[in-house]
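Worksheet: one structure, shown below.
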Amino acid sequence: MLAAVASLPQQHKQPSRITIRGERRSDVAAREALLNAAFGPGRFAKSSERLREGRVPARGLAFTAVDGKRLIGTVRLWSVTAGNAKGCLLLGPLAVVSDVRSLGVGAGLMWRALREAKRRGYRAVLLVGDPAYYQRFGFSAENTGALLMPGPYERDRLLAREFVPGTLAGARGMISADRPRPPRFAGIFDSVVGGRIPIAQPV
Ligand SMILES: CC(C)(COP(=O)(O)OP(=O)(O)OC[C@H]1O[C@@H](n2cnc3c(N)ncnc32)[C@H](O)[C@@H]1OP(=O)(O)O)[C@@H](O)C(=O)NCCC(=O)NCCS
């Protein structure tokens, strides 16, 4: 039986010279500079970072906003399990450079990310952020009361939006990072070399 999925708007208006595309490796320096400017050094102390460190974003779910060649925005999503609810994503960080804010770039990144997450079959998206900003994208704390982040956070800022209604109903416990399975031959290689080389980890 097909599960009911919540609908998302197909288009979001933003200035025509600005485009949103999949993140590229060459974005890294400008993306990190933007995140440092937006969040400062405290960005690595956030509880969300415990679910991101040492990992790559979920496949096809990191986006960059550009104005010509200039990187002006970023959003990334990470595969997680929310208590016992599988097929979830953690969204963040989301940031837009300060001189182009309030033009809809943040919203453009959000809608693009949510559409693609839904298309890829994910069931719900979670984040830690300001309800006043994220409620316009359908996020609320309604279903997150029994979930826990791995570190300090403000409960009313742990928000979620379901694509498949009921995904988070009854979900309780720690939100944890989904680890990709080790490469197929990693175990064999590991035993051949005496188990001293760690099984491949995501970068
Ligand atoms: C949050 C952010 C990504 C929004 O980007 P943006 O391109 O300006 O977003 P949009 O143009 O789609 O929306 C802007 C509107 O959201 C409002 N807004 C921005 N941040 C908000 C917040 N934390 N709470 C409530 N409203 C907020 C703006 O006031 C603006 O309102 P207006 O349309 O009435 O002028 C950007 O402000 C940013 O990078 N902030 C610093 C990093 C950050 O806080 N990231 C989010 C983590 S919670």
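Just a few scattered comments:
- Being closer than 15 Å to Leu77 by Cα and either at pLDDT below 95 or small (Gly, Ala, Ser) (or both) is true of Gly121.
- Any pair with Cβ under 9 angstrom, 6 or more apart, that starts in the stretch 117-129 at a residue that is under 17 Å from Asn84 (Cα atoms) and away from the ligand (no atom under 16 Å from the Cβ) and ends at one that is assigned to a strand (DSSP E or B) and of a type in the set (Ser, Thr, Tyr): Tyr122/Ser79
- Among the conditions (1) out of contact with any Phe, Trp or Tyr (no Cβ under 6 Å at 6 or more places or on another chain); (2) in a strand (DSSP E or B); (3) small (Gly, Ala, Ser), the only one that Gly87 does not satisfy is (1).
- Residue list for the stretch 66-94, filter: within 14 Å of the ligand (Cβ to nearest atom) and under 12 Å from the mean Cα position of the chain (by Cα): Thr74, Val75, Arg76, Leu77, Leu90, Leu91, Gly92, Pro93, Leu94
- Residue within the stretch 49-59 that is away from the ligand (no atom under 13 Å from the Cβ), part of a helix (DSSP H, G or I) and on the phi < 0 side of the Ramachandran plot present: yes
The values are calculated or read from the model by the stated rules, or taken from the named source; none is laboratory data. This structure is a prediction, so every number in the text was calculated from the model and none was measured. Cβ atoms come from the backbone with ideal geometry, glycine included; neighbour counts cover every protein chain shown.
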